[in-house]
Amino acid sequence: GQLPTWLQGILLRNGPGMHSIGDSKYNHWFDGLALMHSFTFKNGEVYYRSKYLRSDTYNCNVEANRIVVSEFGTMAYPDPCKNIFAKAFCYLSHTIPEFTDNCLINIMKAGDDFYATTETNFIRKINPQTLDTLDKVDYNKYVAVNVTTSHPHYDSAGNVLNMGTSIVDKGKTKYVLFKIPSSVPEQEKKKSCFKHLEVVCSIPSRSLLHPSYYHSFGITENYIIFVEQPFRLDIVKMATAYIRGVTWASCLAFNKDDKTWFHFVDRKTKKEVSTKFYTDAMVFFHHINAYEEDGHIVFDIIAYTDNSLYEMFYLKNMNKDFEDNTKLTSIPTCKRFVVPLQFDKDAEVGSNLVTLPSTATALKEKDGNIYCQPEILCEGIELPRINYDYNGKKHKYVFATEVQWSPVPTKITKFNAQTKEMLHWGGEDCWPSEPIFVPSPDAREEDDGVVLSCVVRTDPKKAPFLLVLDAKTFTELGRATVDVEMHLDLHGMFIPEQNLKTETE
């Protein structure tokens with residue numbers, strides 16, 4: 001096929017790539033050592049490269065020729081030959097665990113630099129052109145957080161907004177929203193942007209010992225949206241997991257009888273909206289987008305009725321009987337919540353406060369809380385992306401992978417949230433990754449541009465490829481076939497040529 005001449009830059013992707021070291025194996029697919037790969041678009045040609053992230057975790061494991069650093073679903077133990085005193089000391093020193101820097105989930109831009117990210121307090125700076133691993137950054141040096149999300153937001157000035165959970169602060173467990181500036185003052189050019197990191201606000205956890213797990217958050221022009229779901233980490237269990245010989249993942253529990261609470265923080269005043277909004281118990285990982293309309297906040301997420309998704313990716317389930325072993329007990333559902341921030345305070349109890357045309361409701365209760373029920377937009381999509389120029393604004397299109405009986409995607413979908421129409425791309429034994437939308441330079445409409453996805457094949461005789469689709473029509477413009485084994489990745493970003501430093505390779 002033919003690539004548009006304007007498509008110049010690097011598609012950079014990240015995901016788990018190595019699942020055994022020596023004779024030891026990880027238990028869970030999300031634990032594998034980070035493998036980055038990139039597709040560089042230059043004058044109609046595509047160049048591929050891949051490289052393991054040389055994290056401290058990678059280096060320690062490879063040197064020992066076995067897994068010595070614990071991951072979320074795999075607890076590692078020190079050298080079994082050590083004497084009993086050394087063992088006891090190791091047990092004690094694990095109480096507040098030193099988390100892994102195996103940054104395998106996403107790629108983040110901060111200032112002029114790019115970082116591989118995970119959900120611990122560590123990120124690793126990388127060179128997007130060579131995929132070399134550079135400095136290790138510990139968020140904890142700049143803000144008291146133990147875990148963070150891998151889905152930050154970027155404001156119009158290029159500042160990074162992200163969230164993390166602060167567990168250790170004198171028993172005051174809280175969710176912290178922080179900002180990393182896109183540039184530092186001229187006189188401090190040698191300092192990193194992290195030295196100027198500022199805490200925007202914090203939200204106390206409803207439970208001190210059971211903070212909510214979250215993978216992303218939402219943002220509109222004036223508000224930050226944080227959803228506190230009843231899928232929670234048990235801190236006491238986590239602190240003793242090492243001694244009890246269980247994984248950190250076993251310290252996560254979902255309470256289906258609990259509520260899911262919505263928090264809205266005003267970005268200008270940094271204060272939380274005082275009205276309490278909630279919905280039924282659910283588990284979700286990905287926000288799609290959010291916007292404000294006539295005194296309401298509208299936000300779209302992909303939610304599940306239970307936490308079976310994580311269980312499916314245990315490697316013992318991902319074998320030749322995959323189809324039989326992994327039936328989703330809950331299909332991903334694209335839900336739209338419409339939350340009235342401005343409403344008649346004298347409205348009757350039980351009345352629906354939503355005045356926008358939507359089947360979503362927000363019912364006033366006698367204690368003043370507001371119970372929200374979503375509009376179901378569609379089912380069976382995951383790994384959603386939008387045209388990021390519409391982030392926080394009213395959008396029409398969602399680009400996502402389509403999942404049917406299992407959590408592994410088989411098609412790519414373009415979903416029109418206004419008309420509910422869907423366009424699909426799929427191929428025989430093709431497993432596409434998260435689709436990334438790249439706008440064309442003179443884009444006038446939301447879907448002017450291309451969609452990029454890495455496609456892995458189940459048939460070993462067929463080579464994997466990078467797919468380029470016309471975002472408007474979803475027709476295939478071209479594919480770049482790669483003559484290597486490609487891994488299933490998680491998330492990533494497209495870096496336009498002008499955002500790359502002109503360092504010589």
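The values are calculated or read from the model by the stated rules, or taken from the named source; none is laboratory data. From a predicted model like this one, the values you see are computed outputs, not experimental measurements. Note: ideal-geometry Cβ built from the backbone for every residue, glycine included; neighbour counts use all protein chains shown. What goes into the accessible areas is simple: the full protein's heavy atoms, side chains included, and nothing from ligands, DNA or RNA. Shrake-Rupley method; radii C 1.70, N 1.55, O 1.52, S 1.80 Å.
General remarks:
- Positive-end residue, the chain charge dipole about Cα centroid, Cβ charges, pick of 302, 380, 110: 110
- Amide H to amide H, with H built 1.01 Å from N, residue 289 comes under 5 Å of 300, counting only residues 5 or more places away or on other chains.
- Lys/Arg +1, Asp/Glu -1 at C-beta; the chain dipole; positive extreme among 368, 467, 318: 368
- Taking label positions 7 Å along the Cα-Cβ direction at both residue 459 and residue 130, the computed distance is 4.0 nm, reported to one decimal.
- Accessible surface of region 9-499, 1.4 Å probe, proportion on carbon and sulfur as whole %: 51 percent
- For residue 47, the accessible surface of its heavy atoms amounts to roughly 120 Å² (probe 1.4 Å, protein chains only, rounded to the nearest 10).
- Given charges at beta-carbon only (K, R positive; D, E negative), |dipole| of region 9-499 in Debye: 1220 debye
- Area accessible to solvent at residue 488, 1.4 Å probe radius, in Å²: 50 Å²
- Rh by Kirkwood over Cα pairs, then Stokes-Einstein D for the chain at 1.306 mPa s and 10 °C, µm²/s: 67 µm²/s
- Radius ratio Rg over Rh of region 383-493, counting only Cα atoms, Kirkwood formula for Rh: 0.97
- Heavy-atom accessible area order for 49, 244, 13, largest first, 1.4 Å probe: 244, 49, 13
- Residues whose placed amide H lies under 5 Å from that of residue 277, excluding near-sequence neighbours: 262, 370
- At a probe radius of 1.4 angstrom, the accessible area of region 9-499 per residue rounds to 44 square angstrom.
- Listed residue pairs exceeding 21 Å between alpha carbons, taken from 109/420; 268/393; 276/366; 125/237; 51/411: 109/420; 125/237; 51/411
- Averaged over residues, the count of other Cβ atoms within 10 Å places the peptides 127-133, 221-227 in the sequence 221-227, 127-133, highest first.
- A cut-off of 5 Å between modelled amide H atoms, ignoring neighbours fewer than 5 places along the same chain, links residue 8 with 497.
- In this calculation the C-beta distance from residue 358 to residue 182 is compared with R0 = 30 Å, giving a FRET efficiency of 0.25.
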